[in-house]
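See below for the structure under consideration.
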Amino acid sequence: VSTLLLLRRFAGLDTRRQPSLTSRVSNEKFCKDIMSMAEVQAQQQLDTVVKALKAEPWRAGSYVHKKKLQDAMRNHGSVELMQRKGCSGEKGLVAVKQMPTRWMMSSAAGFTQAYPNSSEQPWVDLGIVKFLN
């Protein structure tokens, strides 16, 4: 199935007839328009998720620290390899990014106000993970 056909289905358009060669330019514009709409919708959904996020305490007793993977200097933290308790081998392994809450602030709005030019966006990262799960 072609990308154009999938996009036409997504937009609710007739997918039974194939577009002619003369409509190639309009099809390319159509594809770009649909992709732009999808990006806007995804950003709006992410914004909604990020606004609803609240910092929660880490449940330290649920995981066992294995080793430090690397420093995360831009956010004063580190990336650690941890494993869910009761798992062995490669099962239950997770990478955990630890950051001080004083740097993250208590909300996305507070972070943006304190660090408007930061290349790190921890609340957006959390929103993406929440959205995907």
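Nothing in this text is a laboratory measurement; each read-out follows from the coordinates by a stated rule. All figures in this text were calculated on a predicted structure; none of them were measured in a lab. Virtual Cβ from ideal backbone geometry, glycine too; neighbours counted across all protein chains shown.
When a/c is below 1.5 the answer is rounded, else prolate if a/b is larger than b/c, else oblate, so apply that to the range 77-133 with a ≥ b ≥ c taken from the square roots of the Cα gyration tensor eigenvalues.
prolate
Highest-first packing order for the peptide set 71-77, 103-109, 59-65 is 103-109, 71-77, 59-65, based on the mean count of other beta carbon atoms within 10 Å. Using the Cβ of GLN83 as centre and a radius below 13 Å, the other residues enclosed give a net charge of +3, where K and R count +1 and D and E count -1.
Over 24 Å between C-alpha atoms is what I'm after, so list which of LYS51/LYS91; LYS32/LYS130; LYS29/LYS130; LYS66/LYS91; LYS32/LYS97; LYS29/LYS51 land there. Pairs exceeding the cut-off: LYS51/LYS91; LYS32/LYS130; LYS29/LYS130; LYS32/LYS97; LYS29/LYS51.
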